[in-house]
Every structure is written in C-alpha cells, then in structure tokens.
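The values are calculated or read from the model by the stated rules, or taken from the named source; none is laboratory data. As the structure is a prediction and not an experimental result, all values here were calculated from the model. Because the Cβ atoms are built from the backbone with ideal geometry, glycine has one as well, and the counts that use them run over all protein chains shown. Surface areas here come from the heavy atoms of the whole protein model, side chains and all, with no ligands, DNA or RNA. Shrake-Rupley method; radii C 1.70, N 1.55, O 1.52, S 1.80 Å.
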Amino acid sequence: MSTQRRRRLGGIWKWFRWRALALVFVFVCALVAFSIGAQPSARPDIAGEPMLARVYYAMSLFVLGGTDLGVPLKGSTFAVSLAWFSYFAAPAITATALVEAIVRVLTPELWRLYRLRGHFVVFGADQLTTLYLRRLRRQHPHVPVVVVESRTAHAEIDTLREAHGAHVAMGDVTDADFLATLHLERAARVALLSDDDFSNLDAAAKILSLVPELSKRIMVHVSDLRMASVLEGTAVSRHAEVFNTHQIAACHLVETRIVEHFERTDPLDCVVLAGFGRFGQTVLKELQEKEAGRFDTVVILDRMAERRAAEFDEQVGFAGDYQRHCIEGDLGDPRLWQRAAAHFDQREPLVVVGAGDDPENLRTALWVAQRFERASVVVRCYQLSAFAEDVAHNGRIYGFGVSELVSQSMPEHWFSP
C-alpha cells in the first residue's frame, strides 16, 4: 500500500471516528430521553413500548424529515431537555454529513485543503522540492504537505503524490485569490523552491503581506546572483530566509577540494572554470572572498564567456590581483582547450567542470584528465550516478553531487512543524 493511500485511509478513519462518536452520543441521548419519560405529542406512551421500538424511534431522528413522533411536551425537565437536544442534534449531524459528501465529490482538492492544519506548503515541483520532501519525510513522516505547481503536465507530480504523500494544488503562486485557498494562516512553514526566482520572490512578498505571522517561517530559493544581490533592505530579506543552491555547492567545493589543491601545489595557482553559468560564477565569487592571493590566473571557458564575464563583473565584480582570460567555445572542442593550455605555464591547473549538463560535464572531465596529466579535475553533477562515482574514483578526478550537499546543508529548523 502506498504512503499516500495509508495517509488517506488514516484521515478517513479519523473523520469517521469522530462523526461516529457524535452520532452514538446523540442516539443514546434520544434513547435515554424516551426511556425515562419524555413523551412526544404523537407517541405519548413511547416509554412503555418495547426497547426495539424505542431504538427505532431514536434512529429515526437522524432521517431528514424523520417520523411523525411529534414534539416532546411531557415528562421530567431533564427528559424533555434531553429529547429536545436530540431532536436538533440528530438532523444537524445528518445535514452536515450530506453537505460534506457533496463538497467532497464536487471539489475534493478544496475540501482536503480546507481541513489542513499545521501543514507545509511547497511551491514548485522541481528537483529541489524532491530533496526537501525526502528529508522532511525522514523526520516527519505524517506531516501534511501541499505542493503548488502551475504546470499540469509536470513529470514529478505523480512522484510527489505517491512517494511523498503530498497534496498537489494547481495554480499561480502570485495570485492572491489562489493563495487564500491554501489557508496559509494555518500553515507551519512555506518553502518557495521553484526554478523561477521572480515568482518565488513575488509569492514571498504577497504571503508576508497576507499572513505576516509567517515571518521567519518562509524559505525562498534564489538562483540568480544579480537578483540575490539587490534583495538587501527588502521585506523579503528581513522576514524570509533566502538561499542559493549554487552557493551551497560552491562554498563546499572551495572549502574542501580547492583548498586542498592550493595547499598541495605552488603558492599561486591557475584555476580553469569550464562553464561560467550560475555555478561557475558562484565558485569565482567564493574564491575571491575566501581564497584571494592563492591563485594568479583564472581561465573562463564558455560558449558565451565574454557576455557572462561582463554579467559577473556587473553583478559581483572582479576583485583581486589575478589575470583573467575569457575563451569562447564548446567545451567538447579540443581547440578550445589548446587555447586554454597556453595559460597553464607548466603548472598543475585546477579545472572545475560545472556546465549545466551532467553528461557533458562527465565527458569533459574524462577527456581533460586524459589530455592534461598534470591537471586536477573537479566535476559537478546534480546527483552522482553510479557511473559518475566510478569516474570520480580516478585519482585526478573529484566528483560531487549538488543534491546531497544541498540536502545536508538545509538547517534543522526548516523541518520543524
């Protein structure tokens, strides 16, 4: 039986248990009232009838319209009061059950959302959401989770439902009316983990304005360095936790493998950044801030090396006394590496392969390790496959998975209900 099915059955049983207790309580009240002297106007001798008949009359109160018992007019004050309570409570239970059944059939997702309390709301159904839910379920297997996604055909939706027991709500996270249906005022935490930085930030701003009590309980993923750099002083930066997965991975890489390389080689090193997207730019930012003076040459290899270098200079800024060389081309083109090798100066260059495509990264890392025997090669993968781990066993190739680093670096309080 799937995790989601077990949770659904558990919720149904809990709902049935409390409804059954209420029904039994009202039934007993009616039966006791009829047995101790409450006399309905149409059946004044009901107390003298057989027990089976009194059970039948007590049960008939739950039928909308009931039977023609009349109203309780005679008997002790307690018996009449108990009968009147049963007369009103029994049809009320039946009516609410009928209304709930109609709502469940017509709008099942809205009904599930309406009943949630202390739930986690996660925006986006991408890889980062899977990482977050995997760790959340290890610590809190039964906490309610709502995943919001705008793309109905997203490949991960079924996995999130079946593997992680999440309710999936389709809608626009920047729409205030849709946000109201998620009952954020009752939510434990909100995690904005989609790949769209602007949508994450826009949703965070709206949520903070609608539900200010969620302050410090909202996590916002921002992958763009430029976007992250302009958040200082905004309400989102003050009341939400903004993080960047590239920075998590880059920080780990610099503090471990790159520092080890710097300590093992000559005082001044050559760093080759093969791929200068968000990850490569974040690695250089970390190097400038934490390891300035340990390298004198940086070679940037990318299909749009000049443009991305200009973006980095505008967003972060090149800092430090080192030579910078931008070479444009495909990472699989040997001519690109021939031009890059001209800047190695017979040293042991550190080559960080961090393009956006894992297979391309692995192919490039293997080729570079074979072509340049003195080079130390670091290859980034989102998740280390068996082949990637096999490649990493090569003495000069170091592979690491971003997904595991990000999962391990998430603070414990992100998972506290």
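General remarks:
- Checking each residue in the stretch 144-173 for being of a type in the set (A, V, I, L, M, F, W, C), modelled with pLDDT of 80 or more and out of contact with any Phe, Trp or Tyr (no Cβ under 6 Å at 6 or more places or on another chain) picks out Val146, Val147, Leu160, Ala166, Val168, Ala169, Met170.
- Glu306 being in a helix (DSSP H, G or I), in contact with a Cys (Cβ under 9 Å, 6 or more places away or on another chain) and either touching a residue at least 24 places away in the same chain (Cβ under 8 Å) or not basic (Lys, Arg) (or both): yes
- Residue-level analysis places Val379 outside the set of residues that are in a helix (DSSP H, G or I) and at pLDDT 85 or above.
- Contact map, the stretch 36-65: first residue open to solvent by less than 70 Å² (accessible area, probe 1.4 Å), second residue among the basic types (Lys, Arg), Cβ cut-off under 6 Å, separation 6 or more or different chains; pairs are Gln39/Lys74.
- With a requirement of 3 or more residues that are in contact with a strand residue (DSSP E or B) (Cβ under 7 Å, 6 or more places away or on another chain) and closer than 21 Å to Leu116 by Cα, the strands (runs of 3 or more DSSP E) lying completely within the stretch 164-249 that satisfy it span 167-170, 189-192.
- Complete set of residues in the stretch 194-251 that are open to solvent by 60 Å² or more (accessible area, probe 1.4 Å), more than 21 Å from Glu404 (Cα to Cα) and among the acidic types (Asp, Glu): Asp196, Glu213, Glu232
- Neighbours by Cβ (under 6 Å, 6+ apart or cross-chain): first from the stretch 351-371, within 17 Å of Thr245 (Cα to Cα) and open to solvent by 40 Å² or more (accessible area, probe 1.4 Å); second modelled with pLDDT of 90 or more and of a type outside the set (Asp, Glu): Gly356/Gly277
- Among the residues of the stretch 315-366, those that are farther than 21 Å from Glu260 by Cβ and basic (Lys, Arg) comprise Arg324, Arg335, Arg339, Arg363.
- Residues in the stretch 257-296 that are of a type in the set (Val, Ile, Thr) and not in a helix (DSSP H, G or I) were compared, and the one that is farthest from Val402 (Cα to Cα) is Thr265.
- Output for the stretch 243-266, where each listed residue is among the hydroxyl-bearing types (Ser, Thr, Tyr) and touching a residue at least 60 places away in the same chain (Cβ under 8 Å): Thr245, Thr265
- The residue that is surrounded by the fewest Cβ atoms within 10 Å (Cβ to Cβ), counting only those in the stretch 66-90 that are assigned to a helix (DSSP H, G or I) and of a type in the set (Gly, Ala, Ser), is Ser81.
- Summed over the stretch 316-375, residues that are among the basic types (Lys, Arg) and not in a helix (DSSP H, G or I) total 3.
- Any hit, the stretch 40-59, residues being closer than 22 Å to Glu100 by Cβ and under 45 Å from the mean Cα position of the chain (by Cα): no
- So Phe262, is it of a type in the set (Phe, Trp, Tyr), open to solvent by 10 Å² or more (accessible area, probe 1.4 Å), farther than 25 Å from Asp195 by Cα and out of contact with any helix residue (DSSP H, G or I) (no Cβ under 6 Å at 6 or more places or on another chain): no
- Cross-chain or 6+ apart pairs with Cβ under 8 Å, the stretch 215-242 first and without any contact (Cβ under 8 Å) to a residue 12 or more places away in the chain, then open to solvent by less than 10 Å² (accessible area, probe 1.4 Å): none
- For the stretch 114-131, the candidate set comprises residues that are in contact with a strand residue (DSSP E or B) (Cβ under 9 Å, 6 or more places away or on another chain) and more than 18 Å from Leu201 (Cβ to Cβ); within that set, the residue that is modelled with the lowest pLDDT is Leu116.
- Counted residues, the stretch 214-249 - those being farther than 24 Å from Phe415 by Cβ and of a type in the set (Gly, Ala, Ser): 3
- Number of residues in the stretch 287-301 that are touching a Leu at 6+ places or on another chain (Cβ under 8 Å) and under 18 Å from Ala250 (Cβ atoms) equals 6.
- Test: residue in the stretch 177-193 that is polar (S, T, N, Q), open to solvent by less than 60 Å² (accessible area, probe 1.4 Å) and either free of Cβ contacts under 8 Å to residues at least 24 places away in the same chain or under 27 Å from Leu231 (Cβ atoms) (or both): no
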